[in-house]
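Written out below as structure tokens is the structure these notes cover.
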Number of protein chains: 2
Amino acid sequence: MSRIVMKFGGTSVRDIDRIRHVAGRVAKVRREGHEVVAVVSAMAGDTDRLIRLAHEITPDPSDRELDMLLSSGERITSALLAMALSTDGIPARSFSGRQVGIHTDSTHTKARIERIDGARLEQSLREGVVPVVAGFQGISPSEDVTTLGRGGSDTTAVALAVAIAADRCDIYTDVTGVFTADPNMVPRARKLDRISYEEMLEMAALGAKVLHSRSVEFAMRYRMPLRVLSTFSEDPGTLVTEEDRTMEQMVVSGVTLDRNQAQVVVCDVPDRPGLAATLFRELSDNALIVDMIVQNVGQDHLTDISFTVPRSEARKTLRIARDVATRIGAGQVKTREDISKISIVGVGMRSHSGVAARMFETLAAEGINILMISTSEIKISCLIDEKYGELAARVIHSTFGLDRNEPGDPSRG
Amino acid sequence: MSRIVMKFGGTSVRDIDRIRHVAGRVAKVRREGHEVVAVVSAMAGDTDRLIRLAHEITPDPSDRELDMLLSSGERITSALLAMALSTDGIPARSFSGRQVGIHTDSTHTKARIERIDGARLEQSLREGVVPVVAGFQGISPSEDVTTLGRGGSDTTAVALAVAIAADRCDIYTDVTGVFTADPNMVPRARKLDRISYEEMLEMAALGAKVLHSRSVEFAMRYRMPLRVLSTFSEDPGTLVTEEDRTMEQMVVSGVTLDRNQAQVVVCDVPDRPGLAATLFRELSDNALIVDMIVQNVGQDHLTDISFTVPRSEARKTLRIARDVATRIGAGQVKTREDISKISIVGVGMRSHSGVAARMFETLAAEGINILMISTSEIKISCLIDEKYGELAARVIHSTFGLDRNEPGDPSRG
């Protein structure tokens, strides 16, 4: 008998038919003899409806009130799923975040979990009742409702799994697992059976939308095995877990393409200590999140500093960077939006040399110019011309041996 | 400066435009220097939508889960109204039933309030922040969400008003107040400026739908003045309060017609002690609520027992009454559904004689036969042929001097 947390996202509980289907999946695991805790998101569309109502009132609603408003979506789903389970003959009980003791700080709309009092969940499990928990929410020290921000329900699921020492946390989505690349872009992409926390984190940060990086960090910190699988398929999905010997011996686990970046180049920066710091402090004070940063060694005591920001922030960044450039005596500031970031991720890079060279050669062989490069221990990213993005993803996917033998419906991978 | 609880029903907060309008009304009272607590129902239609979802899953959802589900409607409205008030420049904060300390028993879907811890409301008022409370809900000793059943938000408002020693509880509806009769039936009906708790209770029990009798009972017990008024008009409404000298010296305050009754007659019941008790015990054990009861003195030691029940229960009642009749050796059992109950209510009856006679004479003058009569200290009801119902209401309304001088739009009364 295992103890399993099963989390279902918004598309999995979009309507009553799907909620019934989800109840069936939970019931099956329960009937196999496992202890089950279900965690649910709001029904797809519900949260958008509530946000729309709030924005009809004011473009800038208070965070505390938004949390009171939005948290109701998950409560609704939890009650409906508990009803569906009871109807299936599985005793079940809905719980709000407060009721299962999810205590957070007071940062409304993006609260952090501070502690979990798992007593009520334990009691429910002892009674043989399946707890159905409203995800995404907790309660602040002043007893106000808080929400956990993006990926909040995944975080709820992982945190509860840790609190009750579950054997595993299963995240049910509308895809069959984690893929070596986006199957829409790389038809020969295949589903991974296992992936390490570190790789999953890099892939989440690079834009693979299956899991939010926060829940992966949480799982990694507490060594909680995560499984990503589809509500609508019997595929066992992808296990996200600690790196171990039994893991497939692949150098690279996945290829991701991020089309949402813009490049900014500050030219002719005088080569004096502290000028780069001045620039990035100013950007950070304006809440701009900078991704890649490259500083070229220049001539005549002048350097170029290049970096990338989310494309939606390009104009704001340009304005601020130009201010700073004037102040520090740098030259012109240029932006480019027609670029993409292609990345490879894999723990195998730690023990394999030449991975970067192989990636650069592959791009060169296709005549693709590299604008910027940045690397971490298990990741290599190259900024390239946007128009070559999909081609680059496919050839790199192939180069590192990730292709399936037969292209086809990747969901059957 | 007064302390006022303002409660808004579902039609008053049906959409964002109306929520904005409600915010305007609350803001106006606040700006006049009063301390205000707002209590809200779910947006009209929201509760029905949630019930429909539950019934798509099961015809018989658990009461605990229904409460979790339905309580979200009021939470949504409270957050939206708090946002609208803040946008209007009035600091406001939403609260769930739990957050304002509404402790109930564990009877899900029709919980009773056991105590209220008003500390958080007091704190909010001290800070100059308008609390916006989700009506209809509380929390059980096991920390589960409960709802208060029909008229629940009115009850929330009155109970909070009592807990914080408010000067008054204003119930905003879609009518301008309590009328001497249903204006759709009696065009000359007029709005009452004041009415006593006792009269309001009788009228609520008789089917005047403005206030649920439970909230009136609560207000009466704690002597909390209630005001019924319209969200959409500047009319001061009707004050429901203790009977006092300044009250209009009317014998009768209102006329009501209940079309939802059925008459049952058990004929030829042997005149022995305990037989009537047997009948009504059996009906009560089957959860049938009997309204009027009349036992005629009969001949030959046989009596007829007549009573009324809600029309929807007529067939069930007939079946049970026939069983009992057989057992106790009574005669046939007959039902009639084409009847109505016309009633007059007024504390003036206590000090005026001849009121009943005047009512009977008025009906007789129109050739209306009386099938049954029942009276209380401040109420007289007659069961009559359904087809004469509206005529009876109009002539009695006139006889007791309730008519306005000019018929017309009663909402402008």
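The values are calculated or read from the model by the stated rules, or taken from the named source; none is laboratory data. Predicted model, so just to flag it, every value in this text is computed and none were measured. Positions of Cβ are backbone-derived with ideal geometry, glycine not excepted, and every protein chain shown enters the neighbour counts. All accessible areas refer to the heavy atoms of the entire protein, side chains included, with ligands and DNA or RNA removed. Shrake-Rupley method; radii C 1.70, N 1.55, O 1.52, S 1.80 Å.
Structure above, values below:
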{"read-out": "Set of lysines with alpha-carbon distance to A:LYS316 below 21 Å, sequence-local pairs under 8 removed", "value": "A:LYS334, A:LYS341"}
{"read-out": "Hull shadow area, averaged, the stretch B:78-117 [alpha-carbon convex hull, nm²]", "value": "3.4 nm²"}
{"read-out": "Kirkwood Rh in Å, taken over the stretch A:60-139 so that all alpha-carbon pairs contribute", "value": "13.3 Å"}
{"read-out": "B:HIS301 versus B:ASN286: modelled label distance in nm, points set 7 Å from Cα along the beta carbon direction", "value": "2.8 nm"}
{"read-out": "GNM top mover of A:ARG93, A:ARG223, A:ARG49 - chain A, alpha-carbon springs below 10 Å", "value": "A:ARG49"}
{"read-out": "Length-normalised contact order for the stretch A:244-413 - Cα pairs under 8 Å, 6+ apart - percent", "value": "29 percent"}
{"read-out": "Evaluated over chain A, the Cα radius of gyration and Dmax, each in Å", "value": "23.6, 78"}
{"read-out": "Space enclosed by the convex hull of the alpha-carbon atoms of the protein assembly as shown, per residue, Å³", "value": "213 Å³"}
{"read-out": "Average accessible surface area per residue within the protein assembly as shown, 1.4 Å rolling probe, Å²", "value": "42 Å²"}
{"read-out": "By average C-beta atoms within 10 angstrom, highest first, the peptides B:253-261, B:183-191", "value": "B:253-261, B:183-191"}
{"read-out": "Descending semi-axes in whole angstrom, ellipsoid equivalent of the stretch B:267-342, from the Cα gyration tensor", "value": "20, 14, 11"}
{"read-out": "Chain B, relative contact order in percent, only Cα pairs under 8 angstrom and at least six apart counted", "value": "14 percent"}
{"read-out": "Summed side-chain charge close to A:ARG98 - residues other than A:ARG98 whose Cβ falls under 14 Å, Lys, Arg +1, Asp, Glu -1", "value": "-3"}
{"read-out": "Qualifying aspartates and glutamates (Cα of each under 12 Å from Cα of B:LYS191; at least 8 residues distant if same chain)", "value": "B:ASP182, B:ASP235, B:ASP403, B:ASP409"}
{"read-out": "Positive-pole candidate from A:PRO141, A:VAL290, A:THR399, dipole of chain A, charges at beta carbon", "value": "A:PRO141"}
{"read-out": "Ordering of B:15-28, B:281-294, A:137-150 by burial proxy (mean other Cβ atoms within 10 Å per residue, highest first)", "value": "A:137-150, B:15-28, B:281-294"}
{"read-out": "Distance between modelled label sites at A:ASP48 and A:ARG319, nm, 7 Å Cα→Cβ extension", "value": "3.0 nm"}
{"read-out": "Cut-off 13 Å between beta-carbons: net charge of the residues surrounding A:ARG223, Lys and Arg +1, Asp and Glu -1", "value": "-4"}
{"read-out": "Rel. contact order, % - alpha carbon contacts under 8 angstrom, at least six apart, the stretch A:3-174", "value": "30 percent"}
{"read-out": "Those residues of the stretch A:138-159 whose amide nitrogen sits under 12 Å from the label point placed on A:SER106, 7 Å along Cα→Cβ", "value": "A:140-144"}
{"read-out": "Extension reserve of the A:ASP385-A:SER230 stretch, reckoned as 0.36 nm per residue once the Cα distance is removed", "value": "52.4 nm"}
{"read-out": "Whole-angstrom Cα spans of the stretch A:244-413 along principal axes, big to small", "value": "57, 32, 31"}
{"read-out": "Nearest-0.05 FRET efficiency for B:ARG311 and B:ARG350, computed from C-beta distance (R0 35 Å)", "value": "0.65"}
{"read-out": "Net charge contributed by nearby residues that have their C-beta within less than 10 Å of B:ALA166 (K/R +1, D/E -1)", "value": "-1"}
{"read-out": "Tail beyond 25 Å, pair distance distribution of the stretch B:112-264 (Cα, percent)", "value": "35 percent"}
{"read-out": "Chain B, dipole about Cα centre (Lys/Arg Cβ +1, Asp/Glu Cβ -1), debye to the nearest 20", "value": "500 debye"}
{"read-out": "MRE, 222 nm, helices only [DSSP H, n ≥ 4, -39500 (n - 2.57), over the protein assembly as shown, to nearest 500]", "value": "-10500 deg cm²/dmol"}
{"read-out": "Pairwise FRET efficiency - B:ARG259 versus B:GLN123, Cβ, R0 = 51 Å, nearest 0.05", "value": "0.55"}
{"read-out": "Inter-chain Cβ neighbour average for residues B:17-24, partner chain, 10 Å", "value": "1"}
{"read-out": "P(r) tail fraction, the stretch B:291-390 - alpha-carbon pairs more than 23 Å apart, %", "value": "38 percent"}
{"read-out": "Efficiency of FRET between A:ASP271 and A:SER398 - r from beta-carbon atoms, R0 35 angstrom, step 0.05", "value": "0.25"}
{"read-out": "Exceeding the 28 Å Cα-Cα cut-off - candidates A:LYS110/A:LYS209; A:LYS110/A:LYS387; A:LYS7/B:LYS110", "value": "A:LYS110/A:LYS387; A:LYS7/B:LYS110"}
{"read-out": "Whole-Å semi-axes of the ellipsoid equivalent to the stretch A:3-174 (Cα gyration tensor, √5λ, descending)", "value": "26, 19, 12"}
{"read-out": "DSSP-defined beta bridges in chain B - what % are antiparallel, rounded to 5", "value": "60 percent"}
